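Data block below; observations after.
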Amino acid sequence: MQNRKNDRKKLKTLVKLIILVIALASLFYLSIDRLDLEEQSPTSVSQNQNSQQEEISQPKQNQEEVTGEMFVHMIDVGQADSFLFVQGENTMLIDCGTRGEGDDVVSYLQELGIEKIDVLVGSHPHDDHMGGMKKVIDAFEVSQIYVSDVSNCEITSNWYATLWETIMEENLPHQTLKNGDYFNVGQMQVELLAPIAYQGSNINNYSLVMKVSFGQTDILMTGDAETEIEEEILALGEDLDVEVLKMGHHGSDTSSSEAFMQATSPEYVLISAGIANKYHHPCETTMQYLEDNQIPVYRTDESGTVIMETDGKTIRFDKKPGDYLSGDELEQKKAA
């Protein structure tokens, strides 16, 4: 009798063990299926971009000890953005123009003899900033891609889906950035000021706002971040003083508030905009502020591609400063 009880106990234990093994196996296969779905789903791409988190926490450099020079090319891509940073053999490309201008960006880089892009940045997923990125990826070896996290937004553009298909198929290192992140490209140090807390639906406000430092020269790249984001950055209470400011949103009145301009107090301003663009960029109020404060402005709609050069102390441009005319006024001047 005792032996039968022992046998029943052993049988019950064995049954429980089998059930536990089956349950664990089911959970394992379900998790594998879920991972496969996440890798294949275009809508989840931007939520799975943290494969190399250690790369954005490199030791900060002593910016007093830089050598050589840094060049910043504000490439003329019409009503769009594309900025190339070159320091020695190190390259960083921030934005790539529209799908239509992507070939022009590729040609410009090839004419400079560039074969590899160390860091490729997409400030935010609008065509006039990231539309040409696939053509750049197809033409050059790219070591690292940085983008903003737009998982709160529903982006249905075919070009954006195709871009991410290419990035995933080629297994290119990619990662999202946020306030507080920083990384180095050669002797260039890049610090992220935004995104911070914004979770709305305005894709412009997910723009990566980055301070690029080389020696004593600081350049603030703002993408299309609007005044709401500028207020978030100002609230941090950090020192925002820079030598060069890339005006937000092509000089639109949705960006570059007076408070933000006063906090950044740039010595020079860069504006990338197309001649006779339908948005009337840059706007009159923006240009009036620059004129009132006598801040030299360099603009693609007037001068084409502009190249800045710095040794970390002094800054030189290959073009003369432009007019303080709004986009509409410049169009009228050129038509006269």
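Readers should treat all values here as calculations from the given coordinates under stated rules, not as data from a laboratory. Just so it is clear, the structure is predicted and the values come from calculations on it, not from any experiment. In this analysis, Cβ positions are derived from the backbone assuming ideal geometry, glycine residues included, and neighbour counts consider all displayed protein chains.
Select from region 148-184 those GluC sites (Glu not before Pro) which occupy a DSSP coil region and have at most 14 other Cβ atoms within 10 Å, ordered by residue number. Answer in residue order: E154, E170.
On full extension, the segment bounded by D318 and E169 gains 49.7 nm, given 0.36 nm per residue less the C-alpha separation.
Each Lys and Arg contributes +1 and each Asp and Glu -1, all at the Cβ; summed about the Cα centre of region 66-335, the dipole is approximately 340 debye.
In a DSSP loop and with at most 16 other Cβ atoms within 10 Å, the trypsin sites (Lys or Arg not before Pro) in region 173-254 are K178. Annotation: extensible slack from E228 through D253 equals 7.8 nm (criterion: 0.36 nm per residue apart, minus Cα-Cα distance).
Just check region 66-335 against the gyration tensor rule for me: Cα atoms, a ≥ b ≥ c as the square roots of the eigenvalues, rounded for a/c under 1.5, and otherwise prolate or oblate depending on whether a/b exceeds b/c. It is rounded, given that a/c, with a ≥ b ≥ c, falls under 1.5. Taking the centroid of alpha carbons for each part, region 108-130 and region 188-202 are 19 Å apart.
Using the Cβ-Cβ distance between Q294 and E89 with R0 = 25 Å, the FRET efficiency computed as 1/(1 + (r/R0)^6) comes to roughly 0.10.
Label sites at I307 and N202, each approximated as a point 7 angstrom past Cα along Cα to Cβ, lie 3.7 nm apart.
Anything over 24 Å Cα to Cα? Flag those among K116/K320; K278/K334; K246/K313, in the order listed. Going by Cα-Cα distance, K116/K320 fall outside the 24 Å limit.
The stretch between E141 and A235 holds 30.0 nm of extra length on full extension. This uses 0.36 nm per residue minus the Cα-Cα distance.
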